[in-house]
Every structure is written in structure tokens, then in C-alpha cells.
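Asks: Take a look at the following structure, please.
None of the figures in this text is laboratory data; all of them are computed from the coordinates on show. On a predicted model such as this, the values are computed, not experimentally measured, just so you know. Glycine gets a Cβ as well: all are built from the backbone with ideal geometry, and neighbour counts include every protein chain shown.
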Amino acid sequence: MTQHKPRHIAFLAVVLLAVLLPAAKASDRFETADNLVERSISDGVFPGASIAVMHKNKVLFHKSFGKHRYDNNSRPVDLGTIYDTASLTKPIVTTSIIMQLEERDSLDLDDRVSRYLPEFGRNGKENITIENLMLHNSGLIPHRFFIETCRTPREILQAIDNETLQYPTGTQTRYSDLGFITLARVIERITGRTLEENFRARFSEPLGMKSTMFNPPDSLLSNIAPTEYDSRWTLPRKRPVVHDHNAALLGGVAGHAGLFSTTGDLILFTQMIMQDGEYNGTRYFKPSTVQRFTRREGTGKRALGWDLRTIGGPSSAGQYFSDDSFGHLGYTGTSIWIDPKRNLAVITLTNRVHPTSENIKIRKFRPKLHDTVVECLGLE
């Protein structure tokens with residue numbers, strides 16, 4: 001027995017090395033990305049972050065960094081930390097529901113918005129189509145602080161109906177929150193259900209996105225990365241926790257902002273998109289639908305509900321992501337970028353607006369992170 005013991009120990013050592021070595025190599029592979037994020041926290045880009053990298057349908061990197069606040073006693077960020085995703089609501093919620101409605105013939109992108117919302121079709125807006133709203137070329141103003149003139153959701157919607165055009169429809173591309181607020185109304189008018197109910201039934205529940213929601217309850221507040229104090233809120237009612245001011249005025253649920261989520265949940269959604277609309281045996285979209293809504297039309301700057309990598313110029317996706325890449329940013333410091341040619345995706349959740357949105361250092365961080373990830377994988 002004693003003669004075979006050394007061999008037995010040696011065999012166990014080989015097995016342990018075989019198990020541990022791939023994990024060690026995976027960790028070493030992303031050491032440069034690790035260092036970049038840690039350095040960015042030290043430089044005040046954001047107090048904390050949660051980042052995921054997927055390549056060829058595998059999650060190769062999923063890690064949390066820093067803390068909820070710039071405070072030594074603050075709670076550390078973990079993979080369960082919930083972030084205000086801000087404008088990621090546009091592609092994840094509003095666009096996805098529109099994709100299903102269009103695919104199932106409940107809506108036509110060429111239809112005028114006024115077909116569904118007659119009250120919207122005034123003051124020169126009668127010819128705006130669903131597609132115009134999704135491509136951000138409708139002519140609507142990008143943004144308004146509605147609290148300056150409105151007190152209720154109804155007043156906000158009436159104000160949008162009364163808007164005039166800033167430029168002729170279809171002649172320019174100007175990113176507009178008002179367009180996606182309107183799209184949410186179209187969804188609710190067609191389905192007879194709220195935007196939140198639609199998203200829950202169609203996507204978050206079947207995908208198992210258990211930490212993804214609008215208006216998170218008070219019981220989860222300690223696990224939500226804080227954003228920015230709102231000095232404009234003067235209404236007597238309780239303010240919803242969402243950072244976006246207009247989304248708060250709309251009750252916390254809006255077509256342009258309001259969704260809270262984790263990187264773990266967004267991995268599920270992103271994998272579904274990367275797998276042409278199918279995940280875990282359930283089909284959410286036809287492959288042709290995913291391709292239609294994420295492709296570039298001619299020299300267009302945007303896809304249907306998604307942003308596109310800038311051709312021949314600087315992009316938050318960095319220098320290596322292909323021209324076929326699509327994604328979206330969130331004002332709070334969030335982003336998703338997907339490169340279908342490399343079968344690569346990067347999800348980034350931060351609260352760069354804490355304690356103030358005047359901090360715009362993330363603009364340099366985003367492209368650097370994406371370049372670093374591509375370099376770590378040797379895909380440049």
C-alpha cells in the first residue's frame with residue numbers, strides 16, 4: 001500500500017491541475033481588463049462596476065468591481081448588484097416588444113403613429129411612422145425637462161402630442177427620448193397591457209431574469225447601486241427611484257428608461273439575441289427579425305431601436321468591433337455591445353452618475369474597455 005501512495009498523490013495532483021489550470025488561464029487572460037477597471041475606479045470614473053464578456057456562446061468573464069459609493073464603508077459590488085440601466089430600456093424592453101408585435105402582424109413599422117395614437121398626429125407630426133421613431137429621425141426634440149411644465153403622466157403625454165417638429169421627418173438623425181416614450185404608448189394601445197406587463201410576460205419571466213424590473217421595491221434598495229440626487233423633484237408624492245427624471249414623472253415605467261437589472265440577467269437576454277432569437281429551447285424572435293432590427297441600412301447611423309458602430313470614426317465600441325456591431329448606451333454608465341462577426345458581446349453596468357452626472361470620464365473608458373477585451377481574446 002505504501003508503495004502506491006506516492007503514485008496516488010501524483011495522480012491527484014495532475015487531476016487538480018487539470019481542473020484548476022483552465023480557470024487560472026481564463027483569469028490571466030483578462031488580467032489587463034481587470035487592471036483597467038480597477039485603475040478606473042481609482043481614477044474616479046465610477047465607484048463600482050459589473051462586467052460580463054461572452055464569446056461563442058460562452059461566458060468567459062463575469063466579475064464585479066469596487067463599491068456602491070466612494071466610501072470605504074460602502075457595500076462592495078457583487079454579481080447580484082442591481083443597476084439602473086437607463087436607456088438600455090430602449091432596446092431591451094421597448095424594441096423587443098415592437099419586434100414581437102411586428103413579427104406577429106400586430107404592428108407595421110411603416111404605419112403612421114397616428115394610426116394607433118390619433119392624438120399624436122398634430123402640429124406636423126401626422127406622417128411620422130413607427131420606423132421613424134425607432135430610427136430617431138422623426139423630427140422630435142431629443143429631450144425636455146417636463147417637470148418645468150407638467151405634474152402628471154397625462155400632462156407629459158399631452159405635451160408630446162402638442163410638440164412641433166424640430167426638423168423635417170426623415171432628413172436627420174437626432175436621438176430622442178420622446179420618440180420612445182411614444183412607442184411605449186403605441187405598445188400599450190395595441191396590446192391593452194402596460195409596458196411592464198408586456199415585458200414581464202414576453203421576456204423577463206420566460207428568460208428567468210429574476211432581478212430585472214421597473215420600480216424595484218424598497219426591500220431591494222440596499223442592493224441597488226445609487227445614482228444621483230435629484231434636486232428638481234418638488235412634487236408632494238414619493239419619487240420613484242429611477243434616475244431619469246421624465247421616467248420618474250411617468251411613474252417609473254417608460255419606453256425610454258426605467259429598467260433595473262444585473263449583468264447575470266442581461267447575459268440571458270444578450271445570449272438570446274446572439275443566438276438569433278432563441279434561448280434554452282424557446283424562440284422569442286425569428287432569425288430574420290433579429291437581423292432586420294440590428295442591421296445597418298445604407299449609411300444609416302442607427303438600426304431599429306439599436307445603436308450602430310460609427311463607420312470610420314470614434315465609437316464607444318472601440319476600434320476593433322466590426323462595422324456590423326450593434327449596441328446601446330445608458331446615461332447612468334451602462335452599455336451593451338455585440339459584434340456578430342466575432343460572436344462577441346460585452347455588458348457593462350456602472351453608476352458613473354454617482355454622486356454627480358457631471359462626471360463624464362466613462363466616455364474614454366468605454367472604448368478602452370472594448371479594445372482591451374478584444375486584445376485579451378487575441379481577436380484584434
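Asks: Can you report the principal axis dimensions of the chain using only the alpha carbons, biggest first, rounded to whole angstrom?
Replies: So the three principal-axis extents are 91, 46, 39 Å.
Asks: Treat each spin label as a single point 7 Å out from the Cα along the C-beta direction, and report the Lys341 to Arg69 distance in nm.
Replies: Distance between the two pseudo-spin positions: 4.5 nm.
Asks: Given springs between every Cα pair under 10 Å in a Gaussian network model of the chain, which of Pro236, Pro47, Pro206 has the largest fluctuation?
Replies: Pro236
Asks: A further question follows. Compute the label zone of Thr356 within segment 223-239: residues whose backbone N is under 17 Å from the point 7 Å along Cα-to-Cβ.
Replies: Taking a point 7 Å out along Cα→Cβ of Thr356, the residues of segment 223-239 whose backbone N falls under 17 Å are 227-232.
Asks: What FRET efficiency, computed as 1/(1 + (r/R0)^6) with R0 = 35 Å and r the Cβ-Cβ distance, is obtained for Asn123 and Leu60, rounded to the nearest 0.05? Walk me through the intermediate numbers first.
Replies: Working: r = 51 Å, r/R0 = 1.45.
Using R0 = 35 Å, I get an efficiency of 0.10.
Asks: For segment 124-230, what relative contact order do you get, as a whole percent, if you take Cα pairs closer than 8 Å and at least 6 residues apart?
Replies: Numbers: 78 pairs, mean separation 29.8, N = 107.
Normalised by residue count, the contact order of segment 124-230 is 28 percent.
Asks: Helix-only estimate, please: 222 nm mean residue ellipticity of the chain, summing -39500 (n - 2.57) across DSSP H runs of length 4 or more and dividing by its residues, to the nearest 500.
Replies: Values: 12 runs with 124 residues, N = 380.
Calculated from helices alone, the mean residue ellipticity at 222 nm is -9500 deg cm²/dmol.
Asks: For the chain, modelled as a Gaussian network with Cα springs under 10 Å, which listed residue fluctuates most, Phe214, Phe180, Phe285?
Replies: Comparing Phe214, Phe180, Phe285 in the GNM, the peak value goes to Phe285.
Asks: Between Ile311 and Glu148, how many nm apart are label points set 7 Å from Cα along the C-beta direction?
Replies: The two pseudo-label positions are separated by 3.7 nm.
Asks: So how tilted is helix 31-42 from the main axis of the chain? Cα-based, degrees 0 to 90, rounded to 10.
Replies: 60
Asks: Dipole of segment 140-278 (Lys/Arg Cβ +1, Asp/Glu Cβ -1, origin at the Cα centre): which of Ser222, Gly192, Phe180 lies farthest to the positive side?
Replies: Positive-end residue among those listed: Gly192.
Asks: So what's the gap between the Cα centers of segment 191-223 and segment 149-167, to the nearest angstrom?
Replies: Comparing the Cα centres of segment 191-223 and segment 149-167, I get a distance of 26 Å.
Asks: How do 244-255, 315-326 rank on mean C-beta neighbours within 10 Å, highest first? Mind showing how you got there, number by number?
Replies: Details: 244-255: 23.5, 315-326: 20.2.
With the highest mean Cβ count within 10 Å placed first, the list reads 244-255, 315-326.
Asks: Also, I was wondering about something else. Can you give the extra length, in nm with one decimal, that the chain gains between Glu155 and Thr173 once fully stretched, where that is 0.36 nm per residue apart less the Cα-Cα distance? Write down the numbers at each step before the final one.
Replies: Numbers: separation 18, 0.36 × 18 = 6.48 nm, distance 2.66 nm.
Difference between extended and current length: 3.8 nm.
Asks: Assign unit charges at the C-beta atoms only (+1 for Lys and Arg, -1 for Asp and Glu), then state the dipole size of segment 65-169 relative to its Cα centre in Debye, rounded to the nearest 20. Before the final figure, lay out each step's value.
Replies: Details: 12 positive and 16 negative charges, 99 e Å.
Dipole about the Cα centre, nearest 20: 480 debye.
Asks: Which aspartates and glutamates, if any, have their Cα less than 13 Å from the Cα of Lys210, not counting same-chain residues under 8 positions apart?
Replies: In chain and number order, the partners are Asp265.
Asks: Right, another one. Take every DSSP beta bridge with both residues inside the chain and express the antiparallel ones as a percent of the total, to the nearest 5. List each step's numbers first, then the result.
Replies: Working: 37 of 38 bridges.
Close to 95 percent.
Asks: Here's a follow-up. Could you give the length gained on full extension between Ser222 and Lys301, defined as 0.36 nm per residue of separation minus the Cα-Cα distance, in nm?
Replies: Numbers: separation 79, 0.36 × 79 = 28.44 nm, distance 3.87 nm.
Separation in residues times 0.36 nm, less the Cα-Cα distance, equals 24.6 nm.
Asks: Something else: Tell me the angle of helix 362-376 to the major Cα principal axis of the chain, expressed in degrees between 0 and 90 and rounded to the nearest ten.
Replies: Helix 362-376 sits roughly 40 degrees off the main axis of the chain.
Asks: Most mobile of Trp233, Trp337, Trp306 per a Gaussian network model of the chain (Cα springs, under 10 Å)?
Replies: Trp233
Asks: How much length is gained if the chain between Arg363 and Arg115 is pulled fully straight, taking 0.36 nm per residue apart and subtracting their Cα-Cα distance, in nm to one decimal?
Replies: 85.4 nm
Asks: Would you list Val241, Val346 from fewest to most Cβ contacts within 10 Å?
Replies: In order of increasing Cβ crowding within 10 Å: Val241, Val346.
Asks: Remind me, relative contact order of the chain in percent, using alpha carbon pairs under 8 angstrom and six or more residues apart? Don't skip to the answer; put the middle values down first.
Replies: On the way: 680 pairs, mean separation 88.7, N = 380.
Here the relative contact order equals 23 percent.
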